[in-house]
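Worksheet: the structure to be examined is printed underneath.
The values are calculated or read from the model by the stated rules, or taken from the named source; none is laboratory data. Being a predicted model, the structure only gives us computed values, none of them experimental. Please note: Cβ atoms are built from the backbone with ideal geometry, for glycine as well, and neighbour counts cover all protein chains shown.
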Amino acid sequence: MTSVRVRNLWKRFGQQVAVAGIDLDLPAGKFIGLVGPNGAGKTTTLSMVTGLLRPDEGTVEVVGHDVWRDPVEVKARIGVLPEGLRLFERLSGRELLGYSGRLRGLPGAEVDKRATQLLDVLDLAGAQHKLVVDYSTGMRKKIGLAAALLHNPEVLFLDEPFEGVDPVSAQTIRGVLERYTASGATVVFSSHVMELVESLCDWVAVMAAGRIRAHGPLEEVRGSAPSLQEAFLQLVGAQGRDAGSDLDWLGGGAVR
Amino acid sequence: MSAQTAAPGLAPTVVRLKLSLLRNGLRQSGGRRAAYVASAVCALLFAALQLIGLIALRGHAHAESLVVLLVAVLGLGWAVMPLFFPSGDETLDPTRLVMLPLRPRPLVWALLAASLVGIGPLFTVVMLIGSVIAVAHGGAAFAVGVVGGVLALLVCVALARAVAAANIRLLSSRKGRDLAVLSGLVIAVGAQVVNFGAQRLGSSGLGQLDPVADVLRWLPPASAIGAVDSVSEGSYGVAAVQLLISAGALVLLVRMWSRSLTRLMISPDGSTLQAAEPAARDRRGAAGLTRLLPGGRSGTVMERSLRYVWRDPKTKAAWVTSLAIGLIVPVFNALQGTGSIYFACFAAGMLGIQMYNQFGQDTSAFWMVALTISSPRDAYVELRARALALLVITLPYATLVTVLTTALLGDWAKLPEALGLSLALLGAMLTTGAWTSARFPYSIPQEGYKNVAPGQTGLAWISIFGGMVSAALLCAPVIALTIWLHVSEGGEAWTWLLLPGGAAYGAGITLLGLRLAAPRTAARLPEILAAVSKG
């Protein structure tokens, strides 16, 4: 079963082509990693898939509904944690969850109950009355994740959910996501940390320069390479680049 | 490497760093370059005019009082400026230099030298030259003038640095940045005070300044210029003491600055410390507010909008400005006897402006709204709730201002029509505001004092001024009816009709405007998000 179907997706910003014709079928119920170096077009792709950015060309379907023609069906079924966009930072953590949940039409009492549980699980209960503007990066990611999960979406899109997050918060986020996918939901997240993707995901898509270079189950993409990192470097053609040969002066011992 | 050998090289390096920062900042965008050049030209023109004025003042009986006051005000300005414009000078933030192996003492002098580069110091130099010319009589006085001028400049710069270093914790914290946003208000109020003072001086002469100047001439940095005046009058002892006071102040300031710099550089940055502040107070007060609001999306959106009026510094500053101007213009005009009751509509107009650029006020957090709008109906409820939140404040306030103006003018017969016109205007502002919010959204940068992101100024002008002209046109039927009732025979008896008429008209066009804006909003969500996410 396919949770997300992308066909011929294009996006240009002036001269620069950010996404150059992507075709992708993401399976349902999997932990899916979208990996690629900085500037590969991961954020642009996720923004277009979630309806936050209008593609120049192409179609996106989420759980069988077109994102642009049928937003009513799609928006209720997805949760999003974007990268580089603000939250309503002048609300406290609890107020933000209350706002987000009620905006999605959930009954107030249910929102408050879920918010309390999410704040507890994500270790934010102590800071729930603090304004989000005073949160650290890890806390922001966690409150953003809570807001994305509150309405129990079928597909969760997370853009760099572990960027700038300390190991303790990362472990918490991980635990929540693993429990969530175990119940049959789909998580799509982007990252440029291969070790993380390798340890979390069972399905990956490798992106570079606006195109999909490889996709499929983790073992398939990794192939014969010893690690995803190696396989990735082979795919994007960055392997064997020796940065050390020109820096012969660099090393301990010498004064200058 | 010892501090002594590092010292000679450091000052030029830091000065060059400052020049590079300045140049690179200007290279970023043409708009910024133009703004910088324009402000430099304005500052220098202003300084040149002041210089001419000061030279003209030479020989005036009370020249020294004015000059001493001027230098004192300059000093005050230097002390206050870094608090409001902390981001203006990156070299002003010593925490950026923490990682470099530098000793505090040479660093202090190097940073002081770097502080002398810029429009501000140039402006100060011109003013100080003018001040010296205004009061110096004789060769000895000019010689002291050179020393005093340099001393005064250094005191000003050191003052700015010492204040900034002592408050860097505050400045780099969120509260400090919130404070900076309100600086516009402080400047506006300050301008009023200066205006008031200048009017009084204009009416009763410079002699008024003498008692103030008698105190200020002993305070640095004004005492350095006071010394020039003392030499001109032949009191060399007094001059020496005044110069010493300034010099002492300079040494003291540099020492204070050096101490806080050392402390800053060896203690961890506030932002990396786990905030050990007491748990924020329970915001239970808001629960009462929630109960009064309607349920569903409307209440949720209204609650957030009202919270933002109080908590978001940009929104708060805009509201305070609107509320203040909306009250001041009609009431002051009424007090001065030049008022008309129709000025009361000003309050409705000013507050109606808050409906403009609704989504820009959300910043890029608008994505949270965008993800929950999937039909024109959702967009309609969203916009209507924002308009309702605005009306919660605006309706009582505009009514109050109208009643107050009427009471001051004693023209109770005209209250209904003024109120009716206000309501019609408010409706027109809401309807155009909702429509331009959807059609011409633009970013409001959260940092600093600007309200429009670079490159979107044109958009903001179209949005606000186009909207205001359209609002005036939309009001035309009610205005025409008012005029007709006044000119037609026996019409005066029916002017009370304008109150229900204006209210109904205002409500009607508001609903119509929201209906028109909603489908546009729903269809343009990604474009709106892109427009409000800049800066």
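Just a yes or no: is a residue in segment A:133-148 closer than 28 Å to residue B:383 by Cβ, in contact with a helix residue (DSSP H, G or I) (Cβ under 8 Å, 6 or more places away or on another chain) and touching a residue at least 60 places away in the same chain (Cβ under 8 Å)? Yes, because at least one residue in segment A:133-148 is closer than 28 Å to residue B:383 by Cβ, in contact with a helix residue (DSSP H, G or I) (Cβ under 8 Å, 6 or more places away or on another chain) and touching a residue at least 60 places away in the same chain (Cβ under 8 Å).
Please determine whether any residue of segment A:213-221 is within 17 Å of residue A:37 (Cα to Cα), free of Cβ contacts under 8 Å to residues at least 60 places away in the same chain and buried (at least 20 other Cβ atoms within 10 Å of the Cβ). Within segment A:213-221, one or more residues are within 17 Å of residue A:37 (Cα to Cα), free of Cβ contacts under 8 Å to residues at least 60 places away in the same chain and buried (at least 20 other Cβ atoms within 10 Å of the Cβ). When residue B:476 is tested against the conditions (1) of a type in the set (A, V, I, L, M); (2) over 21 Å from residue B:394 (Cβ atoms); (3) in contact (Cβ under 8 Å) with a residue 12 or more places away in the chain, the lone failure is (3).
The single condition among (1) surrounded by fewer than 22 Cβ atoms within 10 Å (Cβ to Cβ); (2) not in a helix (DSSP H, G or I) that residue A:177 does not satisfy is (2).
Within segment A:99-114, work out how many residues are among the polar types (S, T, N, Q) and more than 9 Å from chain B (Cβ to nearest Cβ). Even if it seems obvious, please write down each step before you answer.
Kept after step one, since they are among the polar types (S, T, N, Q), are these residues of segment A:99-114: A:100.
Retained after the next criterion (residues that are more than 9 Å from chain B (Cβ to nearest Cβ)): none.
Number of matching residues: 0.
Here are A:82, A:161, A:153: which of them is more than 23 Å from residue B:307 (Cα to Cα), at the interface with chain B (Cβ under 7 Å from one of its Cβ atoms) and touching a residue at least 12 places away in the same chain (Cβ under 8 Å)? Answer to the check: A:82. Within segment B:470-487, the set of residues being out of contact with any helix residue (DSSP H, G or I) (no Cβ under 9 Å at 6 or more places or on another chain) and more than 12 Å from residue B:421 (Cα to Cα) comprises B:487 only.
For segment A:38-63, a residue qualifies if it is within 14 Å of residue A:211 (Cα to Cα) and exposed (fewer than 15 other Cβ atoms within 10 Å of the Cβ), and the qualifying residues are A:38, A:39.
Mind listing just one residue for me: the one in segment A:89-98 that is part of a loop (DSSP other than H, G, I, E, B) and surrounded by fewer than 24 Cβ atoms within 10 Å (Cβ to Cβ) and, of those, nearest to the other protein chains (Cβ to nearest Cβ)? Reasoning before the result, please.
Going through segment A:89-98, the residues part of a loop (DSSP other than H, G, I, E, B) turn out to be A:89-91.
Filter once more, keeping what is surrounded by fewer than 24 Cβ atoms within 10 Å (Cβ to Cβ): A:89-90.
On the way: A:89: 7, A:90: 4 Å.
The extreme case among them is A:90.
(1) more than 7 Å from chain B (Cβ to nearest Cβ); (2) within 21 Å of residue A:155 (Cβ to Cβ); (3) in contact (Cβ under 8 Å) with a residue 24 or more places away in the chain; (4) in a helix (DSSP H, G or I): which one isn't true of residue A:74, the others all being true? The one condition residue A:74 does not meet is (3).
To keep it simple, each residue is scored yes or no on (1) touching a Lys or Arg at 6+ places or on another chain (Cβ under 7 Å); (2) under 23 Å from residue B:524 (Cα atoms); (3) modelled with pLDDT under 95.
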position	(1), (2), (3)
A:3	no, no, yes
A:12	no, yes, yes
A:19	yes, yes, yes
A:28	no, no, yes
A:43	no, yes, yes
A:63	yes, no, yes
A:72	no, yes, yes
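Take the conditions (1) at pLDDT below 75; (2) within 14 Å of chain A (Cβ to nearest Cβ); residue B:305 misses just one of them, which is (1). Do we have any residue at all in segment A:44-66 that's over 28 Å from residue A:16 (Cβ atoms) and at the interface with chain B (Cβ under 9 Å from one of its Cβ atoms)? So far as segment A:44-66 goes, no, none of its residues is over 28 Å from residue A:16 (Cβ atoms) and at the interface with chain B (Cβ under 9 Å from one of its Cβ atoms).
Restricting attention to segment A:115-139, report how many residues are away from every other protein chain (no Cβ under 12 Å) and either at pLDDT below 90 or within 22 Å of the chain's Cα centre (by Cα) (or both). Spell out how you get there, then give the answer.
As a first pass, look at segment A:115-139 and keep what is away from every other protein chain (no Cβ under 12 Å): A:115-124.
Remaining after also requiring either at pLDDT below 90 or within 22 Å of the chain's Cα centre (by Cα) (or both): A:115, A:118-119, A:121-124.
Here the count works out to 7.
Is it true that some residue in segment A:195-203 is among the aromatic types (Phe, Trp, Tyr), surrounded by 18 or more Cβ atoms within 10 Å (Cβ to Cβ), in a helix (DSSP H, G or I) and touching a residue at least 24 places away in the same chain (Cβ under 8 Å)? Step through it out loud before you land on a result.
The initial filter retains those residues of segment A:195-203 that are among the aromatic types (Phe, Trp, Tyr), namely A:203.
Then keep just the ones that are surrounded by 18 or more Cβ atoms within 10 Å (Cβ to Cβ); that gives A:203.
Those left that are additionally in a helix (DSSP H, G or I): none.
There is no residue in segment A:195-203 that is among the aromatic types (Phe, Trp, Tyr), surrounded by 18 or more Cβ atoms within 10 Å (Cβ to Cβ), in a helix (DSSP H, G or I) and touching a residue at least 24 places away in the same chain (Cβ under 8 Å).
Would you confirm whether any residue within segment B:308-319 is out of contact with any helix residue (DSSP H, G or I) (no Cβ under 8 Å at 6 or more places or on another chain), in the same structural domain as residue B:470 (by TED's automatic domain parsing) and outside any helix (DSSP H, G or I)? No, the conditions are met nowhere in segment B:308-319. Counting only helices (runs of 4 or more DSSP H) wholly contained in segment B:43-155, the ones carrying 1 or more residues that are surrounded by fewer than 15 Cβ atoms within 10 Å (Cβ to Cβ) and at pLDDT below 85 occupy B:63-84. Here residue A:24 fits the description: touching a residue at least 40 places away in the same chain (Cβ under 8 Å), assigned to a strand (DSSP E or B) and surrounded by fewer than 22 Cβ atoms within 10 Å (Cβ to Cβ).
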